[in-house]
1. Simple spin-label model, 7 Å along Cα-to-Cβ: residue 19 to residue 64 in nm?
2. Using modelled backbone amide H atoms (1.01 Å from N, in-plane), which distant-in-sequence or interchain residues come within less than 5 Å of residue 67's amide H?
3. Return the sequence-ordered ³J(HN,Hα) values of the range 78-89 in whole Hz as given by the Karplus equation 6.51 cos²θ - 1.76 cosθ + 1.60 applied to θ = phi - 60°, using x for Gly and Pro.
Amino acid sequence: MTTATNNFTITGNISQPLQIRETNNGKKYMFVSIAVNSGIKDKVDFISFIVWDKLAENVAKYCNKGDGISAHGFISITKKDGNDTIQLTAESVSFLHKAAKKEEAPKPVEPEKDTFEPVTNNDPFVGL
């Protein structure tokens, strides 16, 4: 007999700016969309999940678009108008890496002035 679980673990880069929202009851939540390599050459899947309360606040505080994260949580399936709706709810999020910052073009460097002093016959090391 096989036991099925409704857990998910997903790793990718945040693909949308993060925005905390509140329910009518004041409960904080946030949808996070991440880009995940699909395993097929040059194909990326975009997958969204929801985080709640303090976890949502921490993700918003420490993460930005492009950052790498890993999320673990559970899957909920609800029926509405005869259609199944799947929702991923993260119970934990690990912060993996920050997105690479785009660097400004380097400013041209002026060459240093030549401070070379020629060797003269008065140099005690000439001729050794």
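1. 1.8
2. 14, 99
3. 10, 9, 9, 6, x, 10, 7, 10, 9, 10, 9, 10
Readers should treat all values here as calculations from the given coordinates under stated rules, not as data from a laboratory. Owing to the predicted nature of the structure, the values given are computational and were not obtained by experimental measurement. Positions of Cβ are generated from backbone atoms using ideal geometry, with glycine treated the same way; all protein chains shown enter the neighbour counts.
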